[in-house]
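What follows is calculated from the coordinates using simple rules that are stated; it is not laboratory data. Just so we're clear, the structure is a prediction, and the values are computed from it rather than from any experiment. With ideal geometry, Cβ positions are generated from the backbone for all residues, glycine too; neighbour counts draw on all protein chains shown.
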Amino acid sequence: MSGALLGFVIGGFFGPHWKANDWPFFIQFLALLGEVFMNLLRMLVVPFVITSMILGMTSMGRQGRVGRLLGVTFTYYMVTTILAVILGIVVVLVVDPGGRYAVPGGTAGVVHAEQLLWYEALFKTVRSLFPDNIFQAAAQGQILGLITFSLIFGAILRRLGERGEMLVRVIDVVNDVLMTFVHGVIWLAPLGILGLVATKTGAAGGFSSVISDLRALSLYAITVLAGLGVHAVIVLPAILWGVARRNPIQHLRHFSEAVVTAFSTASSAATIPVTTANALDKAGFGKSNAQFVLPLGATINMDGTALYEAVAVIFIASTFGIKLGITQIVVVALTATLAAIGAAAIPHAGLVTMVMVFAAADVPPDIANKGIAMILTIDWILDRFRTAVNVWGDTVGLAVVERLGSVGSDGESSD
């Protein structure tokens with residue numbers, strides 16, 4: 001947290017004095033630290049997801065609880081995502097920021113993406129589960145296909161019995177090596193986070209530009225942050241306390257590094273190694289549960305993204321004088337849920353999938369593009385908050401799964 005705050009202060013104060021493409025040595029050094037930290041995290045994602053998901057499947061499979069684990073996990077993901085979308089829609093309809101915002105003239109479309117109907121979005125998500133090249137898909141941030149391959153590989157490996165045990169032990173050793181690697185990266189986290197936040201804030205123009213952008217879209221930003229705040233501070237802790245029987249404050253302490261890393265990198269995928277390390281080293285969760293639930297959650301459990309997309313679409317439609325009816329709002333809710341699940345766990349992925357929601361709500365493409373261009377100036381800030389909420393939701397999901405009877409690290413039920 002100290003690295004993020006210090007980085008924000010440095011970028012905020014000195015950012016206006018940096019010349020484009022001519023940053024002073026110290027700032028370039030900070031940028032290098034941030035880039036190295038981010039690259040180290042990304043370097044770990046693919047091997048870490050593969051080994052974690054395979055080991056998670058083989059451990060769960062031996063106890064015959066795969067069906068129950070998947071049922072609890074996906075039920076949690078769907079319920080919390082739908083709750084987030086409903087919350088976002090209620091907040092944006094009550095506040096109505098679009099009705100009080102003047103449309104700026106001369107706005108050119110910046111983000112262009114394919115127009116997809118809701119069922120096309122569903123089909124696209126299903127296709128992403130089965131890529132023809134898992135390495136290419138993983139390099140593009142499409143972790144779903146990598147997870148599918150790892151789960152199938154783990155299930156087949158389990159069925160091989162004793163013949164597969166040798167390979168399971170090798171994969172377990174590789175996973176331990178990766179965890180040691182993760183611990184080294186976490187040690188570098190304060191400096192890396194400082195560099196990421198400082199350079200991003202400075203590149204945005206420092207405090208003056210950030211405040212100016214926020215002021216221009218203040219009511220919209222407040223609406224998004226209010227929705228994310230209620231979901232993160234009330235809804236998820238209520239589930240954590242009521243279902244998982246865990247103290248939310250203590251739980252947050254255990255996962256503070258993961259949440260701050262998610263905020264700093266704006267990438268759920270890049271945060272997977274840190275979240276897993278916190279789950280095992282600080283929170284004491286079962287290894288099998290953490291290896292199975294967290295990579296899956298970072299890919300398809302996108303509460304913050306779903307809430308954000310619903311708010312943004314209704315705000316933009318209202319800003320341009322389009323009043324959505326009840327049917328269209330229901331379609332927005334359903335499509336935002338699907339779009340969030342299909343979004344890559346990388347920065348700004350929500351902006352691309354948001355186009356699906358516009359198309360489903362019958363908002364004209366030109367207005368959708370102008371609206372996205374309009375909110376683009378502050379998306380880099382809001383993206384960090386929604387990613388932090390996504391990762392926070394993943395950790396709550398892990399607690400729920402462990403509480404409701406999945407297999408612990410010792411292979412016994414946690415009932």
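Order these peptides, 318-326, 77-85, 363-371, by their mean beta-carbon neighbour count within 10 angstrom, highest first.
Final packing ranking: 77-85, 363-371, 318-326.
By how many nm would the segment from Val94 to Ala238 grow when fully extended, if each residue of separation counts as 0.36 nm and the alpha-carbon distance is taken off?
Here the segment from Val94 to Ala238 would lengthen by 49.5 nm.
Take each of the peptides 193-200, 168-175, 218-225, 92-99, average the number of other beta-carbon atoms within 10 Å over its residues, and list them starting from the highest.
Values: 193-200: 25.6, 168-175: 15.2, 218-225: 19.4, 92-99: 17.1.
Going by the mean number of other Cβ atoms within 10 Å, highest first, we get 193-200, 218-225, 92-99, 168-175.
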Revision key, fill the gap. Checking rank on 378-386, 68-76, 271-279, 305-313, with mean other Cβ inside 10 Å and highest first, the result is 305-313, 271-279, 378-386, 68-76
Check your understanding: How many nm is it between the label spots at Ile222 and His183, if each spot is 7 Å from the Cα in line with the beta carbon?
Key -> 4.7 nm
**Study point:** Neighbourhood net charge (13 Å Cβ-Cβ; Lys/Arg +1, Asp/Glu -1) for Gly229
**Key:** 0
Point to revise | Förster radius 22 Å - calculated FRET efficiency between Val36 and Asn133, Cβ distance, rounded to 0.05 | key: 0.20
Review point. By what distance, in whole Å, do the Cα atoms of the stretch 242-372 stretch along each of the three principal axes, largest value first?
Key: 51, 30, 23
